[in-house]
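Since every read-out is calculated from the coordinates, none of them should be taken as a lab result. Note that this is a predicted model, so its numbers are computed, not measured. FYI the Cβ positions are ideal-geometry reconstructions off the backbone, even for glycines, and counts take in every protein chain you see.
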């Protein structure tokens, strides 16, 4: 899953999606993830859905004679011939606090001691964060569990009818595992190719593993926050990878733009996308990353006018990285992965070996996006089990021959990608 996040508030009405989707296809993405497109509550947050079966007017072309549903289907169908599949947010942990559902089905919601509807919340750094515009569904204790469940299935079927092939399940870890297991199993009986990816941002390792075991096809990992030094990411990866494959991302709609965090350093953007794409089975890139956009995506305030190009263009680089990912099986699975000792602490040496094929790979990555860093080894056989020669398939500056002893001054943020295969 090479996933392009089309943020609908930035893309604008459905007819405007086409240029972004075609660019994603040309860069080698095979999936597009779209944030919620349904009718919103008073807060206007994309994740505060008031009506699950009506579409957000912000995405309509008022001059079109087609219905909103037809406009949505046309936007998706226009790019299917280019091999794109479409994933949309499935937001069933909560709805808008002012949704008619809170009055029509009061038994579906968590209640405060005073009887009022409880707002959705999460734990962050030991404190409770509450979203005042969100009403928390009570999947665990509602006296009408089957009614709430059937409603959620109906939402899924509606989105599939609009043309979506998969679902990024928002706040998946807050919904009971048994609920997900039942829903995923039932939907896949009718739609065997439907894909479910669990959003697990901010949850513990045990919560992630418990959620993944409900039958999800993917979970999102935490590689975005790795400093390329500590062991926690590799430990998490190896504990989860046999339960469900994961998706890495260099930034998301929940994080600041990496171009802003790195003060416009293009080397940092290249470094993080290369790592994200090759680290795990799946990768996601938000729209605008390829052009170094710096204004953070916002679930209320983003508009198409925020699409302001600044001279950065990484489309060729991203295309090459995606091609490497597709070509070599070791980068298309949750393969055994480890960090090896490097003679320079500013250089990451990442080893991967396919469990299903004969591929092995080394990623030699300059952690420093500002300065050159030296890497030396007398023999690459210290790092790989394969006897076949190593081949440099790097997206930039590939070498025709690897001299041993090997000494190379890595450019700022540069990554060298070496592949081989076991006999």
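Relative contact order for the chain: 13 percent, from Cα pairs under 8 Å spaced at least 6 residues apart, divided by residue count.
The mean sequence distance of close C-alpha pairs (under 8 Å, at least 6 residues apart), as a share of the length of the range 150-305, puts its relative contact order at 18 percent. With 10 Å bins beginning at zero, the pair-distance distribution over Cα atoms of the range 1-146 amounts to 11, 33, 28, 20, 7, 0 %. DSSP finds beta bridges in the chain, and of those with both partners inside it, around 60 percent are antiparallel.
Once the Cα atoms are used to define both axes, helix 145-162 deviates from the longest principal axis of the chain by about 60 degrees. The orientation-averaged projected area of the convex hull spanned by the Cα atoms of the chain comes to 21.4 nm². Of the residues 85, 325, 295, the one that moves most in a GNM of the chain with alpha-carbon contacts below 10 Å is 295. Kirkwood analysis of the range 338-421, using all unique Cα-Cα pairs, places the hydrodynamic radius at 13.0 Å.
Test of understanding: ordering 287, 399 by Cβ neighbours within 10 Å, fewest first, what list do you get? All intermediate terms of the calculation are to be shown ahead of the outcome.
Working: 287 23, 399 13.
With the fewest neighbours first, 287, 399 line up as 399, 287.
Peptide packing: for 381-387, 413-419, the average count of neighbouring Cβ atoms within 10 Å per residue gives the ranking 413-419, 381-387, highest mean first. Taking a ≥ b ≥ c as the square roots of the Cα gyration tensor eigenvalues, the range 19-92 comes out oblate, since a/c reaches at least 1.5 and a/b does not exceed b/c. So what's the gap between the Cα centers of the range 11-28 and the range 183-253, to the nearest angstrom? When both Cα centres are located, 26 Å separates them. Cβ-to-Cβ counts within 10 Å put 360, 404 in ascending order as 404, 360, the fewest first.
Would you please state the base-10 log of I(q)/I(0) at q = 0.10, 0.15, 0.18, 0.21 1/Å for the range 184-311, with intensities from the Debye formula using one equal scatterer on every alpha carbon? The Cα Debye sum returns log10 ratios of -0.38, -0.79, -1.02, -1.20.
Highest GNM mean-square fluctuation among 308, 373, 136, for the chain modelled with Cα contacts below 10 Å: 308. Using bins of 5 Å that start at zero, the share of Cα-Cα pairs per bin across the range 1-46 amounts to 5, 20, 28, 21, 14, 7, 4, 1, in whole %. Per-residue extension of 0.36 nm, minus the Cα-Cα distance of residue 232 and residue 112, leaves a gain of 39.5 nm for this segment. Of the residues 77, 146, 114, the one that moves most in a GNM of the chain with alpha-carbon contacts below 10 Å is 114.
Sorted on the mean count of surrounding Cβ atoms within 10 Å across their residues, most packed first, peptides 96-107, 17-28 read 17-28, 96-107.
Once you sort the root eigenvalues of the Cα gyration tensor of the range 100-173 as a ≥ b ≥ c, which label holds: rounded (a/c under 1.5), prolate (a/b larger than b/c) or oblate (the other case)? Oblate.
By the count of other C-beta atoms within 10 Å, a proxy for reagent exposure, 275, 60 are ordered fewest to most as 60, 275.
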